[in-house]
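Q: I have a structure I would like to understand better, so I am pasting it below and will then ask my questions one at a time.
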Amino acid sequence: MKLYYSDTLNPRKACAVARHLKLPVEFIHVTLEKGEHRTPEFRAMNPNAKVPVLVDGELVLWESNAIMCHLAEKAGSDLWPRDERRIEVLRWLMWDATEFAPAAGTFYFEHIIKPRFLRSEADPAEIARVTPDFERYAGVLEAQLKGRDYLVGNALTVADFAVAITLPYAGKTGLPLQAFPEIRRWHAQLNELPAWREPFPALRAAAAA
């Protein structure tokens, strides 16, 4: 299997799951600054010109949540449950994509993507606009986590990898987490996973060389 990624938000999910499951994946870094995701060769794999992309034999799969589920199923892992929890996991994947991630992701875009790729500073007005949405959806997440180790029952699933993906950047982006102790506790627990803390092995290997 080959996993095309960059050291950005959505590829982090797929890389973390692949590393957590110790799958035989070749990690191929795509340099966004050089436009490698917009080449004809890359667009042939993903017409959206985005990372991540997984190539598994004849299967070419894009969208990070789908890649996570495929990797878990390939490994026979309960990260993508086979019982009634699967629908619950799917619900949280959809909630994240439509509600939580757009709000939390704005903090990431303003504080990390804009300075890195657009050479511009965060817009305080945009942060102020999205903060009430973030706090509202963070309240939903806080209530779900109360009394639970993880989002779905007490077992780690791909839902945790998806919904928590902006939290490693909370310090750099100023995510307002002070009022949400359950979210902070949950993320501290995820941080005990080596693959969550360091999901980008190819970059780590390059840095060590």
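Q: If you go through region 143-154 one residue at a time, do you hit one that is closer than 19 Å to Leu9 by Cβ, outside the structural domain of Glu36 (by TED's automatic domain parsing) and either loosely packed, with under 12 Cβ neighbours inside 10 Å or polar (S, T, N, Q) (or both)?
A: no
Q: Also: Among the residues in region 91-100, are any surrounded by fewer than 17 Cβ atoms within 10 Å (Cβ to Cβ), free of Cβ contacts under 8 Å to residues at least 40 places away in the same chain and farther than 20 Å from Ala164 by Cα?
A: no
Q: Sticking with this structure for a sec: Can you tell me which residues in region 52-64 are closer than 14 Å to Cys15 by Cα, touching a residue at least 40 places away in the same chain (Cβ under 8 Å) and surrounded by fewer than 20 Cβ atoms within 10 Å (Cβ to Cβ)?
A: If the condition is that a residue be closer than 14 Å to Cys15 by Cα, touching a residue at least 40 places away in the same chain (Cβ under 8 Å) and surrounded by fewer than 20 Cβ atoms within 10 Å (Cβ to Cβ), then Val55 is the only one that fits.
Q: Pick out the one residue from Val89, Val17, Val30 that is in contact with a strand residue (DSSP E or B) (Cβ under 8 Å, 6 or more places away or on another chain) and at pLDDT 95 or above.
A: Val30
Q: Moving on. Which pairs turn up if I take residues in region 160-177 that are outside any helix (DSSP H, G or I) and look for partners that are surrounded by 23 or more Cβ atoms within 10 Å (Cβ to Cβ) and aliphatic (A, V, I, L, M) with beta carbon separation below 7 Å, at least 6 apart in sequence or on another chain?
A: Taking only residues 6 or more apart or on different chains, the pairs are Thr166/Ala104; Leu175/Ala104.
Q: I'd like to check which helices (runs of 4 or more DSSP H) are fully inside region 48-153 and have at least 3 residues that are under 28 Å from Arg38 (Cα atoms) and within 16 Å of the chain's Cα centre (by Cα).
A: 64-74, 101-108
Q: Next up: Mind listing just one residue for me: the one in region 1-47 that is charged (D, E, K, R) and buried (at least 18 other Cβ atoms within 10 Å of the Cβ) and, of those, farthest from the chain's Cα centre (by Cα)?
A: Across region 1-47, the extreme among qualifying residues is Arg19.
The values are calculated or read from the model by the stated rules, or taken from the named source; none is laboratory data. Computed from a prediction, not measured in an experiment: that's the story for all the values here. We place every Cβ from the backbone using ideal geometry, glycine too, and count neighbours over all the protein chains shown.
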